[in-house]
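Visitor: Sharing a structure, written as structure tokens. Questions coming.
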């Protein structure tokens, strides 16, 4: 039932609309018009004002014609990473890429295109279904800020399907990590680098020693750590008296997350003390982990829907966070589904046309599964 030509054209049109984080308004306006043309009820919340975006989250509702069917929610995010302006998609018939100067934006506009294709199919063919809610969130790429400011109580759905994972369609993310962000400031003492360096305390050197004592990257199969930004110093002839490091720690186990966060904090503070410097460590919980089992209704529904497509469902953990972390934390059971996007967040990002089609088919299969009561 999927119209391949319409689906590709929809995706190509979506990625041409710039929507980097906090600048989603043009895309939001486009989506609102399309949703209303398809007969959905649409509201835009006030999340944008809270996170300094020029748009809020879009919440749309399609009233179903099967009252007893469980209402469900599908979600995708509107924002993209950089370089994400003036995207020029190229399709060779089997694969869609950018021109190599920007990302493609399949993360997450492939999901948006698939959802619109499903809505077209439902409306044109009067497909039996219960109520369907769609959430298009803002600022997902910069800390899940849209989802954090979404009022979950405004939804009637009983479970959610977040279309936002790489890998082949059929992959179901049931476990994802918690994340702590770190902002570390080391205070040394300035001095002239040529005349009297002995009187200074080099904050960058202190940071270097601290970093050499940290284990970064893969800590174990459930835990990772990274220092991604270092900034400090004023001039080459001044001993730097301040340096800032920003990083993160993730783990699918809370106790591991807290243990390793404390370990890094101790390394930083002990190293600073050794050099007679001072250290300030700010720790912020960005999002919390979720762990769903194969017995959870949203997982069973996903697995059944994938099987009904003739594919083999694969339950997988993830090392990344998504809006599903926030939804689950708020008590709204949600899984993340793979949509076939590859090499995301790079200029080599691409998606195969068959995966665009399979994503739309998967959404249709979920709706059919729920409507028929097979779940």
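Each value in this text was obtained by applying a stated rule to the coordinates, not by laboratory testing. Worth saying up front: this structure is predicted, and the values here are computed from it rather than measured. Counting neighbours? That spans all protein chains shown, and the Cβs are built from the backbone with ideal geometry, glycine included.
Visitor: Using bins 10 angstrom wide from zero, how does P(r) for the chain break down, in % of all Cα pairs?
Guide: Per 10 Å bin, starting at 0, the Cα pair percentages come out as 5, 22, 29, 22, 12, 7, 3, 1, 0.
Visitor: State the three equivalent ellipsoid semi-axes of the range 119-254, derived from the C-alpha gyration tensor as the square roots of 5 times its eigenvalues, in descending order and whole Å.
Guide: 50, 17, 12
Visitor: Under a GNM of the chain (C-alpha, springs under 10 Å), which listed residue has the highest mean-square fluctuation: 229, 32, 20?
Guide: Among 229, 32, 20, the largest mean-square fluctuation in the Gaussian network model of the chain belongs to 229.
Visitor: In the chain, what percentage of the DSSP-assigned beta bridges are antiparallel, given to the nearest 5?
Guide: Roughly 70 percent of the DSSP beta bridges within the chain come out antiparallel.
Visitor: Related question: How long are the semi-axes of the equivalent ellipsoid of the range 253-375, defined as square roots of 5 times the Cα gyration tensor eigenvalues? Whole Å, largest first.
Guide: 41, 19, 11
Visitor: Right, something else. Given the Cα-Cα distance of residue 258 and residue 295 and 0.36 nm per residue of separation, how much length would full extension add, in nm?
Guide: Gain on extension, residue 258 to residue 295, equals 10.5 nm.
Visitor: If you don't mind, there's one more thing I want to ask. Taking the 0 to 90 degree range and rounding to the nearest ten, how far is the long axis of helix 4-15 tilted relative to the main principal axis of the chain, both from C-alpha atoms?
Guide: 30 degrees
Visitor: Can you tell me the orientation of helix 25-37 relative to the chain, as the angle in degrees between its alpha-carbon axis and the longest Cα principal axis, to the nearest 10?
Guide: That helix lies at roughly 20 degrees to the long axis.
Visitor: How much mean residue ellipticity at 222 nm does the chain get from its helices, if each DSSP H run of length 4 or more adds -39500 (n - 2.57) and you divide by all residues, to the nearest 500 deg cm²/dmol?
Guide: Value at 222 nm, helices only, nearest 500: -10500 deg cm²/dmol.
Visitor: For the range 178-287, what is the percent of antiparallel DSSP beta bridges, rounded to the nearest 5?
Guide: DSSP beta bridges in the range 178-287 are roughly 100 percent antiparallel.
Visitor: Using 0.36 nm per residue, how much length does the chain from residue 345 to residue 142 gain when fully extended, once their Cα-Cα distance is taken away?
Guide: Net length gain for the segment: 71.8 nm.
Visitor: Between 238, 142, 122, where does the largest GNM mean-square fluctuation fall for the chain, given springs only between Cα atoms within less than 10 Å?
Guide: Result: 238 has the largest fluctuation of those listed.
Visitor: For Cα pairs less than 8 Å apart in space and 6+ apart in sequence, what is the mean separation divided by the residue count of the range 222-375, i.e. the relative contact order in percent?
Guide: 18 percent
Visitor: Could you check the spin-label model distance between residue 94 and residue 6? Points 7 Å from the Cα along Cα→Cβ, value in nm.
Guide: 2.7 nm
Visitor: Could you tell me the distance between the Cα centroids of the range 182-229 and the range 268-300, to the nearest Å?
Guide: Comparing the Cα centres of the range 182-229 and the range 268-300, I get a distance of 19 Å.
Visitor: Where q = 0.10, 0.12, 0.13, 0.19 Å⁻¹, what log10 of I(q)/I(0) comes from the Debye formula for the range 1-119, counting one point per Cα?
Guide: Taking Cα atoms of the range 1-119 as identical point scatterers yields -0.33, -0.47, -0.55, -1.07.
Visitor: Okay, which of the range 113-149 sit inside 14 Å, backbone N to the point 7 Å along the Cα-Cβ direction of residue 156?
Guide: Backbone N within reach: 129-134.
Visitor: Still on this model: Can you give the relative contact order of the chain as a percent, counting alpha carbon pairs under 8 Å and 6+ residues apart?
Guide: 23 percent
Visitor: Based on the alpha carbons, how large is the Rg to Rh ratio for the range 178-287 when Rh follows Kirkwood?
Guide: 1.05
Visitor: Pick from 236, 244, 175: which is most flexible by mean-square fluctuation in a GNM of the chain where alpha carbon atoms under 10 Å apart are linked?
Guide: Of the options given, 236 has the highest mean-square fluctuation.
Visitor: How are the Cα pair distances of the range 238-298 distributed, in percent, across 10 Å bins from 0?
Guide: All Cα pairs, binned at 10 Å, distribute as 16, 38, 24, 13, 6, 3, 0 percent.
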